[in-house]
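**Student:** Dropping the structure in here first, questions after.
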Amino acid sequence: MTGSASPDVLRAPLVVEFPFTRSLGPVQSAFLTGLRERHVLGVRTGAGEVLVPPVEYDPVTAEEIRELVEVAPTGTVTTWAWNPAPRRDQPLDRPFAWVLVRLDGADTSLLHALDAPGPDAVRSGMRVRIRWAADRTGAITDIACFEPGEAEEGDRQGPHSGEFGERVTGIVAPARLDYTYSPGRAQSAYIGGLSARKTVGERCPRCQKVYVPPRGACPTCGVATQERVEVGPAGTVTTFCIVNIKAKNLDIEVPYVYAHIALDGAGLALHGRIGGIPYDQVRMGLRVEPVWSEGGRYPDHYRPTGEPDADYDTYKELI
């Protein structure tokens, strides 16, 4: 697509970030503990190949593999790509190369960063060695990066059995994705409507279903939607769940209820939190209305309207 976006279409930076916590099996535990002690351990397959980084099951036969093998801290670049603009939390804060390095004694390659003055200094087949981090905790970042050259005295401490007194048993890996998000024409209008305390959907010209939030096209008929329709503000609880686990950074006391709510005039239900009523009194058919957030940018939650419950036949197709 070329050209600039319509001024009516929203765009905003978006960050998705969370800590990924995982436990380690015996092979990964030995590998990361080895890095902490400046040893690189691989694993030998039944066919005799040494895999670095190691895995616990043979990728060809799916057999369990456990034989640990130490490889050298030196190796050969098999392929590479230059990174002219490092991003947040990447291994180096200056331009560097991403490289696949086949360490001496290994049959597979390890992905890491190569500290080089420029792309002209990098080539496939060049010899490199590990530069160890000063503070090592049992993570892949214990290898600070690779650098050009052969091994120096003290780079290798001799063969290791893979047995360690205090093993690393788990890791927390932060995951983060930064990007610019555009919701498109239909959802930009929907978001704009919310700022005016209106819920605006779009009607399919063929099946007449009103989609909220709108998608720009009907997923059933495959045709574009253009006609905008204001729905609600009240609606009906079609189904719900009781949340008993408190989410981090969410200032809501548990238990609380999240529900699917079919707004009046909408052809499908959207989800929202139910408030203003004890959690154990929420029910299918409950009539609710939005309580807007400070500034009126979006409904903070929905509360009972006081109307009689809706008849099941009026919302059974929206569950």
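The values are calculated or read from the model by the stated rules, or taken from the named source; none is laboratory data. Not measured: the values here are computed from a predicted model. Neighbour counts are summed over all protein chains in view; Cβ atoms, including those assigned to glycine, are modelled from backbone coordinates with ideal geometry. Protein only, heavy atoms only, side chains kept; ligands, DNA and RNA dropped before computing areas. Shrake-Rupley method; radii C 1.70, N 1.55, O 1.52, S 1.80 Å.
**Student:** Probe of 1.4 angstrom, ligands and nucleic acids ignored: what's the accessible area per residue over the chain, in square angstrom? Each step should come with its number before you reach the end.
**Tutor:** Numbers: 18290 Å² over 319 residues.
About 57 Å² of surface per residue is accessible.
**Student:** What are the residues whose amide H is under 5 Å from the amide H of Phe164, where those residues sit 5 or more places off or on another chain and H is modelled from the backbone?
**Tutor:** Here the answer is none, since no amide H 5 or more places off falls under 5 Å of that of Phe164.
**Student:** Can you tell me the orientation of helix 184-195 relative to the chain, as the angle in degrees between its alpha-carbon axis and the longest Cα principal axis, to the nearest 10?
**Tutor:** 60
**Student:** Modelled label-to-label distance, Arg228 and Ala72, 7 Å Cα→beta-carbon offset: nm?
**Tutor:** 6.8
**Student:** In nm, to one decimal, how far is the Arg283 label point from the Ser23 one, both placed 7 Å along Cα→Cβ?
**Tutor:** 4.3
**Student:** Sequence-distant or interchain residues sharing an amide H contact under 5 Å with Ala144, placed H: which?
**Tutor:** Distant-sequence amide H within range of Ala144: Arg131, Trp132, Ala133.
**Student:** Heavy atoms only, probe 1.4 Å: what % of the accessible area of the stretch 161-250 goes to carbon and sulfur, would you let me know?
**Tutor:** That fraction is 53 percent.
**Student:** Whose amide H sits under 5 Å from the amide H of Ala266, counting only residues 5 or more places off or on another chain, with H placed in the peptide plane?
**Tutor:** Correct list: Gly232.
**Student:** Ok, one more. Relative to the first principal axis of the alpha-carbon coordinates of the chain, what is the inclination of helix 26-36, with its axis defined by its Cα atoms, in degrees from 0 to 90 and to the nearest 10?
**Tutor:** 70
**Student:** Now for a different question. For a quick check of understanding: with a 1.4 angstrom probe and all protein chains in place, what accessible area in square angstrom does Thr199 have, to the nearest ten?
**Tutor:** 10
**Student:** What order do you get for 34-41, 269-276 when each peptide is scored by the mean count of other beta carbon atoms within 10 Å, highest first?
**Tutor:** Details: 34-41: 21.1, 269-276: 17.6.
With the highest mean Cβ count within 10 Å placed first, the list reads 34-41, 269-276.
**Student:** Please list, in order along the stretch 241-257, the HN-Hα scalar couplings obtained from phi with the Karplus expression 6.51 cos²θ - 1.76 cosθ + 1.60 (θ = phi - 60°), rounded to whole Hz, x for Gly and Pro.
**Tutor:** Going residue by residue, I get 9, 9, 9, 10, 10, 6, 7, 5, 6, 10, 8, 10, 6, 8, x, 9, 10 Hz, with x marking Gly and Pro.
**Student:** Oh, and also: With percent of Cα pairs over 32 Å apart defined as stated, name the option among (i) 26; (ii) 19; (iii) 53 computed from the structure displayed.
**Tutor:** Here the calculated entry is (iii).
**Student:** Also, I was wondering about something else. Once the Cβ-Cβ distance between Glu253 and Ala175 is put in as r, and R0 is 22 Å, what FRET efficiency do you end up with, to the nearest 0.05?
**Tutor:** Computed FRET efficiency for Glu253 and Ala175 comes out at 0.20.
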